[in-house]
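One structure follows; several queries about it will come next.
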């Protein structure tokens, strides 16, 4: 339809011809008038582009991924963007911008992501007015935590308090964030450039091949091995699971995670149905997959254990109860937290809906089954077309009822050899081996925190890297809980592991942990860091990671002759240089 002399490339002409050919006379006339009325937007979009800063704070990589996606969508609308990690600028830099998009996750129960902590604290204390700034916040979180999306809420409130003008309402995204994020991004970009015309992008001659598998379409990975790692007599239950990725197109690097979509156990489903006084044969409508039996939906599609304010609020609307109403009062936050601790959805139904619930009502209380992320315990070079996990099965008794972790016991009990597990790979750019194979690394990974360091050492061994590798590992007992013991001994023998320091807390009257071993080797550890080593921590965030961090501060004070403030500053510099990285949970 377009003449040969039209000012378009051959690719663009093909795209436009295809689009125009499908329009009738009325549609073409409307489009002609629209373009004639907005010549500046159509012809000068790049020169008059709206500019925006997209600022992200991320723990596992989701916020960074969504920030990059926002930049790509903005470009299509002629909006010029700069994407920045909160770790790479200061609050004072915000005054240089007119438009700001914040994408930030909340880690744990109301904490900022590790790399965003310094920026967050400084910004919350800032009094510098931002009256010339327009903003919108997308907050990522998990409704199973009391302080759901708290960090995003804090940024939103503070920006408004400093005089910034809101472009679009804040979005609070649960683990299944796609729909909420997409709605937020569309509203925000429209507010940024309401009359922008989408720019036709040149089609690249070669399109990168990506896997068809991901969050919306997880890959059914065959279980190759499922091995109990603990010896007989251990108080722990840790399994090593090997999965096949053959034919998936999925790839990963050491430091990445594997997302597992678990299935709820039959006994847990049966107990919930009994509490709700239902059979499970009832047919319900599900948002994702249409009509199916309630039992099937509870087993495969829904989170049937995670108790949260959101679930309790919906339950109280469906089955009002004076005690639950009192618990949900804003003044009763501490009481609500106490109630939720150690309890699950079955307890709330038993306590507050003693007459049971209709099938569709029960389903409406529950969110979609969220994926669980596990640090990958293998190198793709050492194990082509495979991915390995190190998983601690969670089992305990609380409030008179036996409990078990949904995903961990699914992998321990149901992921038998030959069965399949729904998975996809999840990149973690904040937990990576050094670019140079000559760089020494120090790894602290007690318990299942050992997983990514098995991958690190395997990968460096496969590549023949000469950089020294030092591992600190801890668990309860040497005889029962030395995970991957023979592998570490082989790496020591081959020289692919330079040092191994272990701490088995229950082998002597006084408990010993990895931080004590760090103190014992403090001089050498400090010298390694002074000579360019990278420092990694993986495992429990509540106590271990904090104790290791405190040990590092003390070591810097002692051997660097520094004040605590100066030592903390040194560690912040290490983080900024990506020489101090953590994968904690």
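The values are calculated or read from the model by the stated rules, or taken from the named source; none is laboratory data. What you see is a predicted model, and the numbers here were worked out from it, not measured in a lab. We place every Cβ from the backbone using ideal geometry, glycine too, and count neighbours over all the protein chains shown.
Considering only residues that are closer than 26 Å to residue 142 by Cβ and at pLDDT 95 or above, look in the range 37-65 and name the one that is farthest from the chain's Cα centre (by Cα).
Across the range 37-65, the extreme among qualifying residues is 54.
I've got another one for you. Of the residues in the range 563-585, how many are surrounded by fewer than 17 Cβ atoms within 10 Å (Cβ to Cβ), under 22 Å from the mean Cα position of the chain (by Cα) and part of a loop (DSSP other than H, G, I, E, B)?
Qualifying residue count for the region: 2.
Which condition does residue 327 not pass, out of (1) farther than 24 Å from residue 215 by Cβ; (2) touching a residue at least 24 places away in the same chain (Cβ under 8 Å); (3) in the same structural domain as residue 274 (by TED's automatic domain parsing); (4) surrounded by 14 or more Cβ atoms within 10 Å (Cβ to Cβ), if it passes all the others?
All conditions pass for residue 327, except number (2).
Kindly indicate whether any position in the range 500-515 is in a helix (DSSP H, G or I), at pLDDT 95 or above and either outside the structural domain of residue 390 (by TED's automatic domain parsing) or within 30 Å of the chain's Cα centre (by Cα) (or both). Walk me through it before giving the result.
To start, the set of residues in the range 500-515 that are in a helix (DSSP H, G or I) comprises 514-515.
This time we only want the ones that are at pLDDT 95 or above, so: 514-515.
Pick out the ones that are also either outside the structural domain of residue 390 (by TED's automatic domain parsing) or within 30 Å of the chain's Cα centre (by Cα) (or both) and you get 514-515.
Yes, the range 500-515 contains at least one residue that is in a helix (DSSP H, G or I), at pLDDT 95 or above and either outside the structural domain of residue 390 (by TED's automatic domain parsing) or within 30 Å of the chain's Cα centre (by Cα) (or both).
Here's a follow-up. Would you mind stating whether residue 500 is surrounded by fewer than 17 Cβ atoms within 10 Å (Cβ to Cβ) and within 22 Å of residue 390 (Cβ to Cβ)? Break it down stepwise before answering.
On the way: surrounded by fewer than 17 Cβ atoms within 10 Å (Cβ to Cβ): yes; within 22 Å of residue 390 (Cβ to Cβ): yes.
Yes.
So which residues in the range 211-235 are more than 21 Å from residue 385 (Cα to Cα) and assigned to a loop (DSSP other than H, G, I, E, B)?
Just the residues of the range 211-235 that are more than 21 Å from residue 385 (Cα to Cα), to begin with: 216, 228-235.
Scanning the range 211-235 gives 216, 229, 230, 231, 232, 233, 234, 235.
Still on this structure, I have one more. Scan the range 83-112 for residues that are part of a loop (DSSP other than H, G, I, E, B), modelled with pLDDT under 90 and in contact with a helix residue (DSSP H, G or I) (Cβ under 9 Å, 6 or more places away or on another chain) and jot them down.
Hits for the range 83-112 are 109, 110.
Right, here's the next one. If I ask for residues that are modelled with pLDDT of 95 or more and either assigned to a loop (DSSP other than H, G, I, E, B) or over 26 Å from residue 173 (Cα atoms) (or both), which ones from the range 281-291 would you list? Spell out how you get there, then give the answer.
Narrowing the range 281-291 to residues modelled with pLDDT of 95 or more: 281-284.
Of everything in the range 281-291, those that are modelled with pLDDT of 95 or more and either assigned to a loop (DSSP other than H, G, I, E, B) or over 26 Å from residue 173 (Cα atoms) (or both) turn out to be 281, 282, 283.
What residue, of 138, 149, is at positive phi and buried (at least 20 other Cβ atoms within 10 Å of the Cβ)?
149
Next up: Please count how many residues of the range 269-280 are crowded, with 21+ Cβ neighbours inside 10 Å and either within 29 Å of the chain's Cα centre (by Cα) or outside any helix (DSSP H, G or I) (or both).
Going through the range 269-280 one residue at a time, the tally reaches 3.
Continuing with this model, one more query. Scanning for something touching a residue at least 40 places away in the same chain (Cβ under 8 Å), assigned by TED's automatic domain parsing to the domain that holds residue 92, part of a helix (DSSP H, G or I) and touching a strand residue (DSSP E or B) at 6+ places or on another chain (Cβ under 8 Å), does the range 159-173 turn up at least one residue?
Kept after step one, since they are touching a residue at least 40 places away in the same chain (Cβ under 8 Å), are these residues of the range 159-173: 159, 164, 167.
From the residues that got through so far, the ones that are assigned by TED's automatic domain parsing to the domain that holds residue 92 too are 159, 164, 167.
Narrowing further to those that are part of a helix (DSSP H, G or I): 159.
From what's left, touching a strand residue (DSSP E or B) at 6+ places or on another chain (Cβ under 8 Å): 159.
Within the range 159-173 (the criterion being touching a residue at least 40 places away in the same chain (Cβ under 8 Å), assigned by TED's automatic domain parsing to the domain that holds residue 92, part of a helix (DSSP H, G or I) and touching a strand residue (DSSP E or B) at 6+ places or on another chain (Cβ under 8 Å)), the answer is yes, since at least one residue qualifies.
What number of residues in the range 400-409 are outside any loop (DSSP other than H, G, I, E, B) and closer than 30 Å to residue 64 by Cα?
Residues flagged as outside any loop (DSSP other than H, G, I, E, B) and closer than 30 Å to residue 64 by Cα within the range 400-409 amount to 3.
Only residues that are buried (at least 21 other Cβ atoms within 10 Å of the Cβ) and not in a helix (DSSP H, G or I): list them for the range 345-371, please.
Correct list: 353, 369, 371.
One line per residue, one yes/no per condition, for (1) surrounded by 18 or more Cβ atoms within 10 Å (Cβ to Cβ); (2) in a strand (DSSP E or B); (3) in contact (Cβ under 8 Å) with a residue 12 or more places away in the chain; (4) not assigned by TED's automatic domain parsing to the domain that holds residue 543:
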| position | (1), (2), (3), (4) |
| --- | --- |
| 416 | no, no, yes, yes |
| 422 | yes, yes, yes, yes |
| 433 | yes, no, yes, yes |
| 436 | no, no, yes, yes |
| 453 | yes, no, yes, no |
| 456 | yes, no, yes, no |
| 462 | no, no, yes, no |
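Evaluate the range 475-482: report whether one residue or more is in contact with a helix residue (DSSP H, G or I) (Cβ under 9 Å, 6 or more places away or on another chain), within 28 Å of residue 571 (Cα to Cα) and surrounded by 14 or more Cβ atoms within 10 Å (Cβ to Cβ).
For the range 475-482, residues in contact with a helix residue (DSSP H, G or I) (Cβ under 9 Å, 6 or more places away or on another chain), within 28 Å of residue 571 (Cα to Cα) and surrounded by 14 or more Cβ atoms within 10 Å (Cβ to Cβ): present.
Based on this model, can you work out whether residue 449 counts as in contact with a helix residue (DSSP H, G or I) (Cβ under 8 Å, 6 or more places away or on another chain) and surrounded by 22 or more Cβ atoms within 10 Å (Cβ to Cβ)?
It is true that residue 449 is in contact with a helix residue (DSSP H, G or I) (Cβ under 8 Å, 6 or more places away or on another chain) and surrounded by 22 or more Cβ atoms within 10 Å (Cβ to Cβ).
Filtering the range 319-331 down to residues that are outside any helix (DSSP H, G or I) and out of contact with any helix residue (DSSP H, G or I) (no Cβ under 7 Å at 6 or more places or on another chain), which residue is farthest from residue 263 (Cα to Cα)?
Checked the range 319-331; the qualifying residue farthest from residue 263 (Cα to Cα) is 329.
Of the residues 257, 297, which is in contact with a strand residue (DSSP E or B) (Cβ under 6 Å, 6 or more places away or on another chain), under 30 Å from residue 475 (Cβ atoms) and surrounded by 19 or more Cβ atoms within 10 Å (Cβ to Cβ)?
One residue alone meets the criteria, 257.
Now for a different question. Looking only at the range 292-318, which residues are part of a strand (DSSP E or B), within 25 Å of the chain's Cα centre (by Cα) and free of Cβ contacts under 8 Å to residues at least 40 places away in the same chain?
Hits for the range 292-318: nothing passes.
Going residue by residue through the range 381-388, is there one that turns out to be crowded, with 19+ Cβ neighbours inside 10 Å, in contact (Cβ under 8 Å) with a residue 60 or more places away in the chain and assigned to a strand (DSSP E or B)?
Yes, the conditions are met somewhere in the range 381-388.
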